[in-house]
1. Just check region 1-82 against the gyration tensor rule for me: Cα atoms, a ≥ b ≥ c as the square roots of the eigenvalues, rounded for a/c under 1.5, and otherwise prolate or oblate depending on whether a/b exceeds b/c.
2. Rounded to the nearest 10 degrees, what's the angle between the helix 29-53 long axis and the longest principal axis of the chain, both from Cα atoms, 0 to 90?
3. Which residue, R194, R11, R109, tops the fluctuation ranking in a GNM of the chain built on C-alpha contacts under 10 Å?
4. Residue by residue through region 54-69, which ³J(HN,Hα) values in whole Hz follow from phi under the Karplus form 6.51 cos²θ - 1.76 cosθ + 1.60 (θ = phi - 60°), with glycine and proline marked x?
5. If the only charges are +1 at each Lys and Arg Cβ and -1 at each Asp and Glu Cβ, what is the size of the charge dipole of the chain around the Cα centre, to the nearest 20 debye?
6. Under unit Cβ charges (Lys, Arg +1; Asp, Glu -1), what dipole magnitude, rounded to 20 debye, does region 7-105 have relative to its Cα centre?
7. So between I12 and K62, what do we pick up on full extension, going 0.36 nm a residue minus the alpha carbon distance?
8. Using only Cα atoms, tell me the angle between helix 90-114 and the longest principal axis of the chain; keep it within 0 to 90° and round to the nearest 10.
Amino acid sequence: MNLPNKISLVRIFLIPVIVVAFYIPWAYSGYLAAALFAVAALTDFVDGKLARKYNLVTNIGKFLDSIADKMLVNVGLLLVLSSNALPSPWGLITVAIIICRDLIVGCLRQIAAANGKVIAADQIGKIKATFQDIAIPLLFVVPHWMIWAGVTTDNIFANGFSVSLIFILIAYLTYAIAVVLTIISGFTYLTKNRAVFKTEEAESDK
């Protein structure tokens, strides 16, 4: 197993560590989990760069990289939901949108692969992933900032503006951008690759 693949495995192994760190009874557990998530997200950039630079791209590497990314983001989103960092019901709705988009794109790629075609990641999807990797660790610490600001998700401006509230709004804005890009990239994948379904129909008619 080459170095990029090992780095992808490290990202997978960090996921349960992040979960444990998130729930340990410590005042700064959210910050610890956020730091670990940031490190795990950074390994995605590192393994991809190494694989391309040294021509170490393999099928197992593509699998590990993809599954590690999805596991990290989805677990991170579930942790965010469990902490009530996002206002209800919008938190649940937006997380469902992100997870469903990834499932749809994953299925689309499987259909394309079965027909000998490869669907590469588009630029919008890459930018979306970047905003997700920034937003999730920020949301990990939103509950801490809410305590300091003396507000809740139901009454975010209860005590006016403060430094903590500004951080909360930055976290929400970053997450909102990620959600919008998720919808756009999902729609783009489906429209640009609709020929995949036509190929599948043609094969079934033979």
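The numbers here are math on the coordinates, done by the rules we state, and not lab data. Quick caveat: nothing in here was measured; it's all calculated off a predicted structure. As a convention, Cβ positions derive from the backbone with ideal geometry for all residues, glycine included, and neighbour counts pool all protein chains shown.
1. prolate
2. 30 degrees
3. Per the Cα network of the chain with a 10 Å cutoff, R194 tops the list.
4. So the Karplus estimates, Gly and Pro as x, are 9, 6, 10, 6, 10, 5, 5, x, 4, 5, 4, 4, 5, 5, 5, 4 Hz.
5. Result for the chain is approximately 540 debye, rounded to the nearest 20.
6. 220 debye
7. 16.6 nm
8. Computed tilt is about 20 degrees.
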